[in-house]
Amino acid sequence: MTINEKDFEDFIFIQSLENAILFNGKSNPKAILGKCISNFPEIKKEMQTYIKKINNIVQQVNNFSLDEQKIKLKKLNPSFFEKKLKQKKEKKNELIDLPDLEGEFIGRFAPAPSGYLHIGHALNIIYNSEYKKKYGGKLIIRFEDTNPEKINIKNYEKILEDINWLSENAVDEVFYQSERVSTYYKYLRQLVETGNAYICDCEVEKFKLFNDSSKPCPHRNLAINIQLEKYEYFFNGKYKDGDAVIRFKADLENKNPALRDFPIARLNSTPHARVGTKYKLWPMYNFAVSIDDSLMGINYIIRGKDAEIGAIRQDMIKEKLGLKKSKYYHFGLVQFTDIELGKTPIKKKIDEGIYSGWDDPRVPTLISFRKRGFKPKAFRDMIVSFGISKRGYKLSEKEYYKSLNYFNKQILEKESDRYFFVLNPKLVEIQNHNNYPEKEITLPRHPDFKDRGNRKFNLENKYYIDGIDFNNIEEGELIRLMHFGNFKVIKKTNEKLILNFESKNYDKTLKIKRNIHFIPYKETEQRKVKIIMQDASIIKGLCEILNNPKVDDSIQFERFGFVRYDGKNEEGEKVFYFTHR
C-alpha cells in the first residue's frame with residue numbers, strides 16, 4: 001500500500017507541534033517516529049528516507065517560537081488544548097483508596113523518643129493524617145518507650161510538636177507505653193498460663209543454634225506450673241538483667257527463622273526517664289504493639305515495608321490472645337542515597353559539637369526544616385504527589401530538595417513580603433538626585449498583592465548596593481535601581497559609584513542590563529543582618545528597615561532568596577535562617 005505523502009507530512013507536522021508545546025517549544029524527532037510507525041507502518045520499508053522527512057519537519061517546527069507553535073496548532077487541532085485543560089481540571093493529587101477499610105480510619109504513628117523526627121518519618125505521619133482527613137476517624141500518637149536505655153525526656157514534647165506541625169494538628173489521642181506496663185503484664189501472664197509463651201534461660205548464641213535448626217530449647221516444653229514459677233523470678237529479684245527472656249512459642253518449622261520462637265519481654269533495670277525504676281521487666285516491641293493496636297481499636301496500620309515481619313509476629317500474638325487484628329498497608333521505603341538519617345550518628349555529632357543541636361540547618365530533622373522556614377503544607381503536598389506504593393525508590397539530597405523547594409516556593413511566593421538585602425555594601429552617590437520627580441521612593445511589599453501596601457524610602461543622594469553588583473558595573477554604563485529609576489554611571493572608584501539620574505520609569509528601549517536592589521544609607525545600625533545558611537555558614541550584610549517582623553515570619557530578600565526571621569541577637573542584628581531561592 002502506497003503512503004499518501006501529504007497525509008504523512010501533515011501528521012508529522014501536527015505531532016511535532018503537540019510534542020513541542022508539551023516540552024517548552026522543542027519537539028523530539030524520536031518521539032514522533034514511534035507514532036509515525038503506528039499510523040503508517042509502510043514506512044518501515046524505507047525507514048531512512050522517512051526519518052529524514054521527520055527530522056526536516058521537526059526542525060521546521062522547532063524554528064517557530066512557542067507562541068507561533070500554539071497559534072498553528074490551535075488552527076490545525078484545537079481539541080489538543082481542550083483535552084489538556086480537561087486533564088488539568090481533573091488531575092488531583094490524592095492517595096489511593098485503602099483496600100478493605102471498614103468505616104472510619106483509626107490510625108497511629110508510634111515514635112520512639114530516642115531522638116527528634118527526621119524527613120524519613122514525614123511519610124508515615126502524612127500518610128496517616130491524610131487518610132484520617134480522607135475517611136474521618138482519628139489519629140493516635142503512641143510513644144514506644146519501653147527501652148529505658150534510649151530515651152531522652154526532652155524529646156517527647158518536641159516530637160509531639162513536630163507531629164502536630166506537620167499533620168495540621170490531626171492528633172486526637174496520645175499514649176505512652178511506659179505508662180501501660182501493668183496492662184502488658186496481664187497479657188504476658190496469659191500467654192504463659194496458656195502455654196503460648198515460656199521463660200528461656202539460654203544464652204543468646206546457644207538459643208540461636210536451637211532456633212536455626214528448628215529444635216526446641218530445653219526450657220520450651222517445661223510444665224506450665226514451672227513456667228509460672230520462673231515468671232515470678234522476674235519480679236522477686238531471682239533474675240538479673242540478661243539472665244532470661246520470655247519467648248513467644250511459634251512454629252519451629254517455619255521456613256523463616258525470624259518467625260520461629262521470638263522474645264517478647266526482657267529484664268532491664270536501667271532507670272526510665274518517665275517512670276524511674278517502677279518497672280524492670282519490659283515488654284519488647286512486637287508484644288507491646290500487638291496489645292496496644294488491638295485495645296486502642298487501630299483498624300489500619302500504615303508503615304514501611306521494613307515492618308512486614310513484625311506485622312506477622314504481631315498477628316501471631318493477637319491470635320493466641322484472642323485479640324482483634326488490624327489491616328496493614330506496608331509502603332515502599334524511600335532510600336536517601338546521600339542523607340544521613342540515623343539518630344545515633346547525628347547525636348554523636350551533636351555531642352562532639354560538630355552540629356549545634358537537632359535543629360542545626362545541616363541536620364535532616366523536621367525541627368531543622370521548620371527553623372529554616374519550610375512550611376508543613378509543602379511536605380504534605382510533596383508526599384501526596386509522590387503517592388503511596390508498595391514499591392520503594394531512591395532519592396538523592398539534590399532530588400529531594402528540588403521537589404520540596406518547588407512545593408514550598410508555591411506557598412512562600414504568596415506569603416512572603418519583599419525586601420532588599422545587600423551583602424558587602426558599597427556606596428552609590430547620585431549627583432543630581434533633586435531632579436527625581438518624587439520626594440520619596442515607593443516600593444511594593446508584594447507585587448501581586450497591592451492591598452499589603454508599600455515600603456517607602458526617603459529621597460537621598462546616597463544609598464548602598466550589593467558588592468557583587470558593584471564589582472560588575474563599569475563607568476559609562478546605564479543601570480536601574482529597582483522601583484527607583486534609571487541612572488548613568490559617571491565615575492567608579494574602589495568604594496563608590498557616582499551616578500547621574502536619567503529617568504524614572506522602566507524603559508526597555510534603553511537596553512539596561514542591570515536592574516539591581518539598594519538600601520538607604522542612613523540608620524545603618526538598625527539594618528544589620530545575620531543570615532545562617534543551609535551549610536551553617538554565616539553571612540552578614542544590611543537590609544532595609546522591616547515592617548515589624550515576628551519570629552517565624554518568612555520574607556523574601558529580592559534577588560537573594562527566602563528567609564525565616566529568628567529574632568534579634570545580643571549584638572542587635574536581625575537573625576535569619578536561609579530557606580531556599
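No value in this document is a laboratory result; all are computed from the given coordinates. Bear in mind the structure is a predicted one, so any value in this text is a computation, not a measurement. Every residue, glycine among them, receives a Cβ derived from its backbone with ideal geometry; neighbour counts consider all protein chains shown.
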Relative contact order (percent, whole number), the chain, Cα cutoff 8 Å, 6+ residue spacing: 10
Note, ³J(HN,Hα) from phi for the stretch 523-535, Karplus 6.51, -1.76, 1.60, rounded to Hz, x at Gly and Pro: 6, 4, 4, 6, 10, 5, 10, 10, 10, 8, 8, 4, 8
Fewest-first ranking of Lys278, Lys138, using other Cβ atoms within 10 Å as the exposure measure: Lys278, Lys138
Exposure proxy ranking, count of Cβ atoms within 10 Å, fewest first, for Val204, Val428, Val363, Val192: Val204, Val192, Val363, Val428
DSSP bridge orientation in the chain - percent antiparallel, rounded to nearest 5: 60
Whole-Å semi-axes of the ellipsoid equivalent to the stretch 437-581 (Cα gyration tensor, √5λ, descending): 28, 18, 15
For the stretch 307-383: Kirkwood Rh in Å [reciprocal of mean 1/r, alpha carbons]: 15.9
Distance histogram in 5 Å bins (all Cα pairs of the stretch 5-90, percent per bin): 3, 15, 26, 23, 17, 10, 5, 1, 0
Antiparallel bridge percentage (DSSP; both residues within the stretch 105-336; nearest 5): 45
Directionally averaged shadow of the chain, computed from the convex hull of its alpha-carbon atoms, nm²: 39.5
At q = 0.07, 0.08 Å⁻¹, base-10 log of I(q)/I(0) for the stretch 105-336 (Debye sum, equal scatterers on each alpha carbon): -0.24, -0.32
Only Lys, Arg (+1) and Asp, Glu (-1) charged, at Cβ; the chain dipole about Cα centre in debye: 860
Between the stretch 306-331 and the stretch 132-208, the alpha-carbon center distance in angstrom: 14
Principal-axis tilt of helix 29-39 within the chain, Cα atoms, nearest 10 degrees: 70
Options Cys36, Tyr521, Ile430, ranked by Cα towards positive dipole end of the chain, top entry (Cβ charges): Cys36
Residue-span extension gain [Lys568 to Phe81] - 0.36 nm each, minus C-alpha spacing: 170.1 nm
Helix-only mean residue ellipticity at 222 nm for the chain, each DSSP H run of n ≥ 4 adding -39500 (n - 2.57), per residue, nearest 500: -11500 deg cm²/dmol
Neighbour-count ranking [beta-carbon atoms within 10 angstrom, fewest first] of Val563, Val384: Val384, Val563
Helix 153-167 axis, angle to the chain major axis (alpha carbon atoms, nearest 10°): 50
Tilt relative to the chain, helix 47-62 - C-alpha long axis, 0 to 90 degrees, to 10: 60
